[in-house]
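The next block holds one structure in the form of structure tokens; read it before the comments.
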Amino acid sequence: SFQQLYEGIRLLEPDIAALAAQNISAKQLSRIAENLRETERNLDNADALLELDFEFHKLVAEATGNCVVELSRLGIVELFYPSVHQLLEKLDVSHRLLQAHRNIYQGLENKDPVFAREWALKHTDDFKRGYELAGLDIQGPVRRVK
């Protein structure tokens with residue numbers, strides 16, 4: 001269900017952001033900054049925004065420097081992708097998504113794991129609120145990417 005997906009994301013993503021803030025390299029920061037610029041350029045393109053959102057979170061996971069952490073996200077990504085797609089079809093969340101990503105980036109750039117974790121948690125909780133506002137079934141099944 002979406003509720004189970006949300007619970008899994010809420011457990012992983014904030015700690016991934018915190019670990020990334022401790023380990024991120026200048027090159028990785030640059031790649032994430034470019035992702036943010038592309039996101040800003042594509043706020044009106046839901047398909048591009050979806051891809052950029054996933055790239056952002058993948059880049060943050062890579063910045064942990066821990067391949068086990070990166071691999072731990074794979075099952076969630078398979079379920080997360082269609083859920084975000086459903087949300088983007090119902091609500092314009094592009095500006096909120098960009099702002100949350102900018103704040104997470106700020107925590108990464110400042111090597112501040114507490115700030116990065118806090119904003120990843122806010123971003124995750126905002127995703128659930130959006131899902132609820134869109135009238136999507138929180139307890140309903142999440143379809144997998146084919």
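The values are calculated or read from the model by the stated rules, or taken from the named source; none is laboratory data. Treat the numbers as computed from the prediction; the structure is a model and nothing was measured. We place every Cβ from the backbone using ideal geometry, glycine too, and count neighbours over all the protein chains shown. All accessible areas refer to the heavy atoms of the entire protein, side chains included, with ligands and DNA or RNA removed. Shrake-Rupley method; radii C 1.70, N 1.55, O 1.52, S 1.80 Å.
When residues in segment 102-117 are screened for being on the phi < 0 side of the Ramachandran plot and more than 13 Å from the chain's Cα centre (by Cα), 9 of them pass. Residue pairs whose Cβ atoms lie under 8 Å apart, separated by 6 or more positions or on different chains, with the first residue in segment 24-44 and outside any helix (DSSP H, G or I) and the second of a type in the set (G, A, S) and surrounded by 11 or more Cβ atoms within 10 Å (Cβ to Cβ), are I24/A63; S25/A63; N42/A48; L43/S94; D44/S94. For segment 116-146, residues that are buried (at least 19 other Cβ atoms within 10 Å of the Cβ) and under 22 Å from S25 (Cα atoms) total 4.
What residue, among those in segment 66-101 that are of a type in the set (A, V, I, L, M, F, W, C) and more than 15 Å from the chain's Cα centre (by Cα), is least open to solvent (accessible area, probe 1.4 Å)?
L91
For first residues located in segment 102-117 and in a helix (DSSP H, G or I), partners that are among the basic types (K, R) and surrounded by 19 or more Cβ atoms within 10 Å (Cβ to Cβ) and lie 6+ apart or on another chain with Cβ distances below 8 Å form the pairs G107/R117.
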